[in-house]
Amino acid sequence: MKEAVHISGLASAGPDLQDLLGMVARGDQDAFAQVYEAICGPVLGLVRSVLRDPAQSEEVAQEVLVEVWRTAPRFQAARGSAMNWVLTLAHHRAVDRVRSVEATTAREHKAALLDRTPAFDDVTEQVESRLEREQVRRCMRTLSELQRESVTLAYYRGLTYREVGELLAVPLGTIKTRLRDGLIRLRDCLGVNA
């Protein structure tokens with residue numbers, strides 16, 4: 001089903017969002033202006049729901065709109081609707097910003113603690129980290145393909161269960177079951193106590 005671009009609450013007689021993205025992919029600035037009008041509100045709303053900071057939300061929304069302009073040729077209608085593609089870009093960008101802010105805060109906190117904590121063995125920590133990553137990879141290989149795909153999208157790409165279901169064209173309940181079973185299997189493989 002194609003989406004009609006809405007301006008002032010009325011469906012336009014012109015091209016839908018998918019068609020407009022195709023025109024944007026060919027460098028059509030007028031088409032991008034229409035895409036902007038159609039997506040700026042939903043993008044800002046999604047980003048604000050993730051970030052909670054109005055100033056950062058506006059900045060990230062602007063980055064997403066620039067990314068839509070730059071990456072419009074990558075949109076593939078066979079993989080989902082144009083709006084879902086745009087909102088997935090927005091969600092990823094917002095999650096990246098959250099992680100970046102958290103990493104910066106953690107680095108600053110760690111730097112403040114360095115004055116009070118004894119030096120630790122970097123080599124030991126790196127070896128332990130690599131061993132843990134390898135164990136997780138090994139355990140991920142024990143999952144069924146469907147479980148591995150669902151876990152990867154939800155926990156490594158940061159998608160919500162609903163987004164995973166939409167991306168894989170699978171009902172939400174099925175996704176929840178796959179994820180629950182996959183996480184139980186991972187927990188058992190990793191030897192983590194419940």
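Points worth noting:
- Apart from one condition, GLN126 fits all of (1) at pLDDT 85 or above; (2) under 30 Å from ARG185 (Cα atoms); the exception is (1).
- Residues of the range 171-183 that are hydrophobic (A, V, I, L, M, F, W, C) and either farther than 14 Å from ARG148 by Cβ or in contact (Cβ under 8 Å) with a residue 40 or more places away in the chain (or both): LEU172 alone.
- Within the range 77-101, considering residues that are over 18 Å from MET23 (Cα atoms) and among the hydrophobic types (A, V, I, L, M, F, W, C), the one surrounded by the fewest Cβ atoms within 10 Å (Cβ to Cβ): VAL101
- For the range 129-162, the set of residues classified as closer than 19 Å to VAL95 by Cα and among the small types (Gly, Ala, Ser) consists of SER150, ALA154, GLY158, listed by residue number.
- Within the range 55-76, being touching a residue at least 40 places away in the same chain (Cβ under 8 Å) and surrounded by 14 or more Cβ atoms within 10 Å (Cβ to Cβ) holds for GLN56, VAL68, TRP69, ALA72, PHE75.
- Looking across the range 38-50 at every residue that is touching an Asp or Glu at 6+ places or on another chain (Cβ under 9 Å) and not small (Gly, Ala, Ser), the one that is farthest from ASN84 (Cα to Cα) is identified as ARG48.
- Of all residues in the range 114-123, none are open to solvent by less than 60 Å² (accessible area, probe 1.4 Å) and out of contact with any Cys (no Cβ under 9 Å at 6 or more places or on another chain).
- Residues of the range 30-44 classified as surrounded by fewer than 18 Cβ atoms within 10 Å (Cβ to Cβ) and touching a helix residue (DSSP H, G or I) at 6+ places or on another chain (Cβ under 9 Å), total: 4
- A search for C-beta distances below 6 Å between a residue of the range 143-168 that is in contact (Cβ under 8 Å) with a residue 60 or more places away in the chain and any residue that is of a type outside the set (Ser, Thr, Tyr) and open to solvent by less than 50 Å² (accessible area, probe 1.4 Å), counting only pairs 6+ apart in sequence or on different chains, returns GLY158/VAL95; LEU159/LEU153.
- Any hit, the range 132-151, residues being open to solvent by 80 Å² or more (accessible area, probe 1.4 Å), in contact with a Lys or Arg (Cβ under 6 Å, 6 or more places away or on another chain) and more than 30 Å from LEU20 (Cα to Cα): yes
- Meets criteria (among the acidic types (Asp, Glu) and over 23 Å from ASP16 (Cβ atoms)) for GLU67: no
- The C-beta contact set for the range 81-93 (first residue more than 10 Å from VAL47 (Cβ to Cβ) and assigned to a helix (DSSP H, G or I), second residue polar (S, T, N, Q) and open to solvent by less than 40 Å² (accessible area, probe 1.4 Å), distance under 9 angstrom, 6+ apart or interchain) comprises LEU89/THR71.
- Of the residues making up the range 154-163, just one is of a type in the set (A, V, I, L, M, F, W, C) and either assigned to a loop (DSSP other than H, G, I, E, B) or at pLDDT 90 or above (or both), namely LEU159.
The values are calculated or read from the model by the stated rules, or taken from the named source; none is laboratory data. These numbers were taken from a predicted model, which means no experiment stands behind them. Here Cβ is always computed from backbone atoms with ideal geometry, including for glycine, and neighbour counts include all displayed protein chains. The area values use the complete protein model at the heavy-atom level, side chains included, leaving out ligands, DNA and RNA. Shrake-Rupley method; radii C 1.70, N 1.55, O 1.52, S 1.80 Å.
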